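Before any comments, here is the structure.
The values are calculated or read from the model by the stated rules, or taken from the named source; none is laboratory data. Note that the coordinates shown come from a computational prediction; the quantities given were computed from them, not determined experimentally. Cβ placement follows ideal geometry from the backbone for every residue including glycine, while neighbour counts extend to all protein chains displayed.
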Amino acid sequence: MSGTTSQLSVDGKTVDMAIKTGSIGPSVIDIAKLYAQTGMFTYDPGFTSTASCESEITYIDGDAGVLLHRGYPIEQLAEHGDFLETCYLLLYGELPTASQKADFDYRVTRHTMVHEQMARFFQGFRRDAHPMAVLVGSIGAMSAFYHDSTDISDPQQRMIASMRLIAKMPTLAAMAYKYTIGQPFVYPLNSLDYTSNFLRMCFAVPAEEYKVNPVLSRALDRIFILHADHEQNASTSTVRLAGSSGANPFACIAAGTACLWGPAHGGANEAALKMLMEIGSVENIPKYIAKAKDKNDPFRLMGFGHRVYKNYDPRAKIMQKTTHEVLNELGIKDDPLLDVAIELERIALSDEYFIEKKLYPNIDFYSGITLKAMGFPTTMFTALFALARTVGWIAQWKEMIEDPSQRIGRPRQLYTGAPQREYTPIGRR
Ligand code: SDX
């Protein structure tokens, strides 16, 4: 897509730069030749005003609170489809026909088992290892088990690696959970759908039959849809940067998983629930609101704020609805954490500080309450986020690999260190 040009005058020199327009959303100023023409770099730590790529996958309008996957609003995908349908859409660009969906489900289902020796790989971890540490390790280790799908120049191998990652993430996440609680691993069951299979691998025990609750399975499947992809967020940018060097897809997804773990990103769901538990009761909320507003206090309201959404995160609304659905299904009438969350949201959204800084609940604010009610420990929350986000990482990785203009990502810097100086032998220091 192209538009007009912009001009930049620096040191008496005027440089023309092309403006490229997309299908919707902000246009971009192409600065690729800026350094060659001016000897200067742009400077944008945190990339608040920087587009790193061209993409057709996901679009976010942060002011309007809109999230589209291949043009379809998240609300409609979450309402009408299942997670594997969203996976198909993200990977192929179109919603599947009934036969395409059946074939895709069949292919994913038949990749859900992991190499039997991976179970031995898990034995090397301490039982109290954080599931995200186990996941980062085991996803990276997939490069050592699936050599036949690491050649990124082969489209066939790229697709097999994509299917393997989408299909095996639930199995690896469930194994990470089972390992930390000392229970035997549960193999996937081909007769179950994707999310029911995951619930069974997490909560079934050999000693008795496990019956999947269809309401919980549908709710968790919807939660996976909400987490599937989100434009060029930190972990997706990590996957793209790792992939730009030609690293194999398993290594790239392991890198994205590591980045997602941070509490400012995917780790916020675990941090948000811990925060709600620390607040404990509605009476304590004002104290924490004051801490969040205090410049000298590093405390932040976890689950609030977003780099892009300056309005309500559309996923948070659907998440809140799902929370009520799950609590009702489980007969949890009054969850003190939910009471604190609802009151905290009400107070924050009417507080001048949060209004002025446009801080709204994000997807991580309510997810923890729901996942805890389903029986997941807080340490598993980010692992579930990684499970769902794998398809987004893979779709973005494939788009980058298949982009003919793709080059290795290599940002520059503003150097503020010591100018060149001569070495002083240790005897003279
Ligand atoms: C995810 O990018 C994505 O798309 C991510 C994600 C995805 O799907 O991939 O949506 C998933 O990561 C959601 C965000 C989860 N993180 C949290 O809930 C952690 C708490 N939130 C913040 O740390 C923060 O809001 C971020 C990290 C989410 C956004 O950080 P920004 O864009 O760099 O904003 P900022 O830190 O510059 O904050 C702007 C101002 C600051 O005040 P000033 O310095 O301007 O005076 O708002 C304040 C901040 O102090 N602020 C908060 C706050 N978040 C921002 N104050 C109190 N509580 C908060 N949560």
Inset, instruction - Kindly check whether there is at least one residue in region 217-226 that is within 16 Å of the ligand (Cβ to nearest atom), within 17 Å of residue 88 (Cα to Cα), touching a Lys or Arg at 6+ places or on another chain (Cβ under 8 Å) and not polar (S, T, N, Q). - result: yes
Requiring at least 1 residues that are under 21 Å from residue 73 (Cβ atoms), the helices (runs of 4 or more DSSP H) wholly within region 294-405 are 314-329, 363-374, 381-401
For region 256-282, pairs from a residue that is more than 10 Å from residue 337 (Cα to Cα) to a residue that is aromatic (Phe, Trp, Tyr) and at pLDDT below 95, with Cβ under 6 Å and 6 or more apart or across chains, are 272/365
Taking region 28-41 and keeping residues hydroxyl-bearing (Ser, Thr, Tyr) and exposed (fewer than 15 other Cβ atoms within 10 Å of the Cβ) leaves 35
All-but-one check, residue 416 against (1) outside any helix (DSSP H, G or I); (2) under 23 Å from the mean Cα position of the chain (by Cα); (3) over 30 Å from residue 92 (Cα atoms), failing number (2)
Expected single match for within 11 Å of the ligand (Cβ to nearest atom), at pLDDT 95 or above and assigned by the TED database to the domain that holds residue 234 among 381, 385 is 385
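Taking region 16-39 on its own, how many of its residues are aliphatic (A, V, I, L, M), in a helix (DSSP H, G or I) and over 17 Å from residue 411 (Cβ atoms)?
0
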Scanning region 267-298 residue by residue, those more than 20 Å from residue 370 (Cα to Cα), exposed (fewer than 15 other Cβ atoms within 10 Å of the Cβ) and of a type in the set (A, V, I, L, M, F, W, C) turn out to be 290
Residue hits (region 122-143; over 17 Å from residue 166 (Cα atoms) and either outside the structural domain of residue 391 (by the TED database) or touching a His at 6+ places or on another chain (Cβ under 9 Å) (or both)) are none
When restricted to 184, 170, the only residue buried (at least 18 other Cβ atoms within 10 Å of the Cβ) and over 28 Å from residue 404 (Cα atoms) is 170
